[in-house]
Amino acid sequence: MILNPAKRELLAAELLEAEGLSPEGRSLTKDAMRRLCRNKAAVVSIVVLALLILAAVVGPYFIPHNYEDPDWAAFRAPPSWEDGHYFGTDPNGRDLLARVLYGTRVSLAVAFVATLVSVVIGVLYGAISGYFGGRLDSIMMRFVDIMYALPYILFVILLMVIFGRNVYLLFAAIGALEWLTMARIVRGQTLSLKHREFVEAARASGQKPLKIITKHIIPNLVGPVVIFAALTVPEIIATESFLSYLGFGVQEPLTSLGTLIAEGTDAMESMPWLLAFPAVFLVSLLLSLLFIGDGLRDAFDPKDR
Amino acid sequence: MLSYAFRRLLSTIPVLWIAVTACFFVLRLAPGGPFDGERSLPPAILQNLAAHYNLDKPLIQQYLYYVGDLLRGDLGPSFSSEDFNVAQQIMIGLPYTFTLGMTAFALAIIIGVAVGCLGALYQNKMPDYVLGAMILVGVVFPNFLIAPILQLVFGIQLAWLPVGGWGDGSLKYLVLPVVVMALPHAGRISRITRGSMIEVMNQNFIRTAKAKGIGPRLTVMRHALKPAMMPVVSYLGPAASYLLTGSLVVESIFGLPGIGRYFINAALNRDYGMVLGTVIFYMVLIVFLNLIVDIAYAWLDPKVRNR
């Protein structure tokens, strides 16, 4: 038995060094990140997603045309290198590359804002429901069950019909209806967290329930919340393009990938590039987000392996 | 069993009531009335119209009228069609949507379960990769993207199948829309089937069945399939609701005269009465489909009944 603490630390460091390990140890997050980096599909997807975001955010400043002004010399022009319409133009003479980049930007913005809304509502709702338990919990979860049974996309359409087609409303409506699964997951986690010692200690020291939820419960939920949020993003992008496709999304001259695909579908025989380019962007966006979400889940929750 | 079904039926009443109430009041919050056309009408006529549709009564009275009509199956007037009210328009579209939806539902279940079982029994072999690709295509390619591609290939290039329309309702008109509707769900169902099948195949009673020497086919058919189907059955409720929203797009793309197309047109033309009526109709449909699924689930799994 070694009673001198300094000596003990020294010995521990020596032992670790002998094994070739750093004395810092491996945290859960680091472990997960290492697993994520070994997942080839996820790494490629992160690169693709980064490129897409970069293209959507800064790309429009580097191309010769903007997304709303028609080029009077080039209507329905097929893709070509000479006149700077690398993706061709649409029937109104607008540059497709600029419109696709702009549409990607809108789709990404909708996805991230709506995910944020759904995360905030879902986490608070689930944590409150799980922490307080009892009758409040059963009422709150019954409400979630009811919402689950309803076709929420119809509600979104109803809202868009009544309050007009407005991007901000679109964000809020999708986000406000996409939080149900998040609330369920968070509630389940909270139920198991609330009996842990650190929560008991916080309660014993006289903290208010809301403070316990925000200070002690929610920080411990980061893992599952991040994973589920990553899986929500592609779903929201698909929903947004679905709504835009039907004509309930953003309005002209603004555009989104769904709107562009709808326009491209109408002219797919005579001008196939109008369908092909937005479709490629949408599919690679969804695919990379999906792989990142799956990769995160596998990395944080190695149960399935 | 019967008492479970009855309890479950009772529990749908508050769900429907809340949904109808929410829809009604959301609609009444809408800025502008149904008669705010491009050409403004004289106030006297507006007043007559409002009186005819009970719009001049207090809100609570209108609500009671609406719920009363609803209980008699009257979904109210359509504000854009003179000849048919909402219920009649829905009844016109229903057979098409129903045929389409049920065929797609059946196809999705058959393909999904078959591919899922094969994927589970031949893990990491050929069928498993087919399964992976199918799931990916179903999830990543939204139906409004698959549909035009299939139309282009099979309808225009190869000219095997009609591009759209209902025609005489024969099978060749159904193929493309049904495939587009079924594909994403077949993918999801096969993923669920694969997971639960793998789990079931590792259990003791399957080992016993194998040890008995009844052969792999009987083991799967007689012992593994039923327990493996439980998660699939519980997915069918949500699947019905997804299928319905999918039918909105599919009917618009293929120009089929179902409810979905009426709904989209009504929504784009701001025909509030039609939109509200259709949403309520869809909700009732989905709540009842969920009810059927729950009862089927209880029938398969006795543990659920006594909860």
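Selection within the range B:137-156: residues that are facing chain A (nearest Cβ under 10 Å) and more than 14 Å from A:Ala279 (Cβ to Cβ). The member of this set that is surrounded by the most Cβ atoms within 10 Å (Cβ to Cβ) is B:Val139. Screening the candidates B:Gly237, B:Gly260, B:Gly277 for the property of being at pLDDT below 80, closer than 25 Å to B:Ile18 by Cα, in a helix (DSSP H, G or I) and within 13 Å of chain A (Cβ to nearest Cβ) yields one hit, B:Gly237. Being more than 30 Å from B:Arg194 (Cα to Cα), aliphatic (A, V, I, L, M) and touching a residue at least 12 places away in the same chain (Cβ under 8 Å) is the filter here, so list the residues in the range B:223-282 that pass it. Correct list: B:Ile253, B:Leu256, B:Ile259, B:Ile264, B:Ala266, B:Met274, B:Val275, B:Leu276, B:Val279, B:Ile280. Only one of the listed residues (B:Arg270, B:Arg217) is within 14 Å of another protein chain (Cβ to nearest Cβ) and of a type outside the set (Phe, Trp, Tyr). That residue is B:Arg270.
Among residues that are at pLDDT 80 or above and surrounded by 23 or more Cβ atoms within 10 Å (Cβ to Cβ), A:Ile261 is included. Scanning the range B:126-159 for residues that are within 27 Å of A:Glu263 (Cβ to Cβ) and more than 24 Å from the chain's Cα centre (by Cα) yields B:Leu152, B:Val153, B:Phe154, B:Gly155, B:Ile156, B:Gln157, B:Leu158, B:Ala159. Selection over the range A:160-179 of residues that are surrounded by fewer than 19 Cβ atoms within 10 Å (Cβ to Cβ) and not in a loop (DSSP other than H, G, I, E, B) gives a count of 6. In summary, no helices (runs of 4 or more DSSP H) completely within the range A:212-305 bear 3 or more residues that are on the phi > 0 side of the Ramachandran plot and not acidic (Asp, Glu). The test for being in a helix (DSSP H, G or I), within 13 Å of chain B (Cβ to nearest Cβ) and either over 23 Å from the mean Cα position of the chain (by Cα) or at negative phi (or both) holds for A:Val156. For A:Glu252, the criteria (1) more than 11 Å from chain B (Cβ to nearest Cβ); (2) within 24 Å of the chain's Cα centre (by Cα); (3) more than 30 Å from A:Val186 (Cα to Cα); (4) not small (Gly, Ala, Ser) hold in every case but one, which is (2).
Would the range A:89-104 turn up any residue that is at pLDDT 70 or above, polar (S, T, N, Q), assigned to a helix (DSSP H, G or I) and closer than 23 Å to A:Pro272 by Cβ? Scanning the range A:89-104 turns up at least one residue that is at pLDDT 70 or above, polar (S, T, N, Q), assigned to a helix (DSSP H, G or I) and closer than 23 Å to A:Pro272 by Cβ. Does the range A:91-103 contain at least one residue that is under 16 Å from the mean Cα position of the chain (by Cα) and either buried (at least 22 other Cβ atoms within 10 Å of the Cβ) or not polar (S, T, N, Q) (or both)? No, the conditions are met nowhere in the range A:91-103. Hey, does the range B:283-290 have a residue that's under 28 Å from the mean Cα position of the chain (by Cα), within 11 Å of chain A (Cβ to nearest Cβ), surrounded by fewer than 19 Cβ atoms within 10 Å (Cβ to Cβ) and part of a helix (DSSP H, G or I)? So far as the range B:283-290 goes, yes, one or more of its residues are under 28 Å from the mean Cα position of the chain (by Cα), within 11 Å of chain A (Cβ to nearest Cβ), surrounded by fewer than 19 Cβ atoms within 10 Å (Cβ to Cβ) and part of a helix (DSSP H, G or I).
The values are calculated or read from the model by the stated rules, or taken from the named source; none is laboratory data. Just so you know, these numbers come straight off a predicted model, no measurement behind them. All Cβ positions, glycine included, derive from the backbone under ideal geometry; neighbour counts span all protein chains shown.
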